[in-house]
Amino acid sequence: MEKMQPVIQIEHLSKHFSIDNGFFTKGKKTVKAVNDFTLNLEKGKILGLVGESGSGKTTLARVILNLTSATEGTVLINGVDMSKCSAAEKKELRKNIAVVFQDPLSNLNPRETVMSSIMRPMVLHGMKRALAREKAREVLESVKMDAHYLNSYPHQLSGGQLQRIAIARALAMNPQIMILDEPTSALDISVQAQILNLLLDLQEQHQLTYMIITHDLNVIRYISDQVAVMYLGQLVEYGETKIMCSNPSHPYSKALMAASPILDPTMRGREKEIMKGDPGSLIHFPSGCSFHPRCRYAEEICMQERPEMERIGENHWARCHLCMQK
Ligand code: SF4
């Protein structure tokens with residue numbers, strides 16, 4: 001059978017920023033936010049991207065969205081490298097990929113009604129206003145909100161309603177891919193479940209592909225098909241959600257899973273994996289395996305040789321010398 005082309009292909013992607021050393025010291029230093037990241041995402045799949053704050057998840061999303069350029073490597077959306085396209089081609093390609101942020105209030109103009117906010121991207125892409133108005137009604141209905149909310153202003157709505165509107169606005173351009181950056185972390189727990197269920201319904205109806213960035217592993221367990229774990233800008237483990245949540249292999253993934261409160265009673269009582277120290281620095285990278293200063297299994301080789309990403313099972317990859325010895 002012919003293999004389907006992934007909708008997102010990330011190949012050896014790195015993103016480094018140069019920043020000033022500080023007020024008293026001259027010179028620059030380099031922040032290595034994303035380092036040699038390779039991953040494919042197939043159509044209709046939900047990928048959960050997890051890692052501590054500062055692990056490079058949001059920078060990775062910004063490079064995928066072409067909001068910032070890559071230092072090295074490529075991102076192909078449906079086989080096309082957006083960074084090599086003309087402005088007009090980029091505008092067209094951007095319709096395929098939508099983004100929903102954590103705090104919808106900060107992304108909606110407080111002086112605009114819901115109708116205007118949803119219509120804006122369509123009008124900017126040249127759609128006639130009457131058609132855009134019609135589409136705004138349609139997408140509001142698809143996020144299960146009544147049409148009377150079209151005349152509301154952001155301050156009149158709850159957090160859950162605002163997030164539904166952000167999702168409706170993202171849907172308005174009929175995207176294939178949605179990048180959701182912490183889509184539920186600003187919401188009450190009861191509302192979180194409603195938003196996750198809505199996202200699952202929409203994904204099924206429209207055959208959407210999601211990349212969900214979160215530090216909440218219960219969100220990942222509930223919604224995603226695959227999990228990618230990032231540490232200091234690197235992909236350290238990737239696999240099917242079931243394997244990743246029940247039996248992660250990389251010591252960092254194990255510690256992350258163990259640190260998360262478990263809502264699933266069948267998974268309680270597992271062995272706790274304790275991580276020592278603070279998250280490392282994206283400026284002063286450790287030698288060898290970047291996780292070695294915090295890893296209780298670290299051996300001599302871990303300090304000297306950087307582990308490569310290797311297949312350790314069916315649909316399961318990890319970057320760890322120890323995982324390879326099993
Ligand atoms: Fe730990 Fe070594 Fe594996 Fe890195 S390579 S995660 S230090 S065991």
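Values in this text are rule-based calculations from the coordinates and carry no lab data. Note that the coordinates shown come from a computational prediction; the quantities given were computed from them, not determined experimentally. Glycine gets a Cβ as well: all are built from the backbone with ideal geometry, and neighbour counts include every protein chain shown.
Summary of the geometry: region 11-53 and region 116-147, compared by the centres of their Cα atoms, lie 34 Å apart.
Remark on the chain: hydrodynamic radius 21.2 angstrom, per the Kirkwood mean of 1/r across alpha carbon pairs. Rg and Dmax, both from the Cα atoms of region 170-240 and both in Å, are 12.8, 36. The relative contact order of region 6-325 comes to 19 percent, based on Cα pairs under 8 Å that sit 6 or more residues apart.
If you take the square roots of the eigenvalues of the alpha-carbon gyration tensor of region 103-243 and sort them as a ≥ b ≥ c, do you get rounded (a/c under 1.5), prolate (a/b over b/c) or oblate? Here region 103-243 falls in the prolate category. DSSP beta bridges fully contained in the chain are about 65 percent antiparallel. If you take all other residues with their beta carbon under 13 Å from the beta carbon of Ile213, and give Lys and Arg +1 and Asp and Glu -1, the sum is -2. Normalised by 2.2 N^0.38 Å, with N the number of residues, the alpha-carbon radius of gyration of region 18-92 equals 1.37. Each of Ile301, Ile165 was scored by other Cβ atoms within 10 Å of its Cβ. Arranged with the fewest first, they read Ile301, Ile165. All other residues whose Cβ lies under 9 angstrom from that of Gly48 are scored, Lys and Arg at +1 and Asp and Glu at -1, for a net of 0.
Answer with one residue from Leu232, Leu140, Asn35: the one whose Cα lies farthest towards the positive end of the charge dipole of region 6-325, charges on Cβ with Lys, Arg +1 and Asp, Glu -1. Going by the Cα projections, it comes out as Leu140.
Relative to the longest principal axis of the Cα atoms of the chain, helix 114-124 runs at roughly 80 degrees. Spin-label model, Glu308 to Gln194: label points 7 Å out along the Cα-to-beta-carbon direction sit 5.0 nm apart.
Once both labels are positioned 7 Å from their Cα atoms along Cα-to-Cβ, the gap between Ser53 and Asp278 label points is 1.2 nm.
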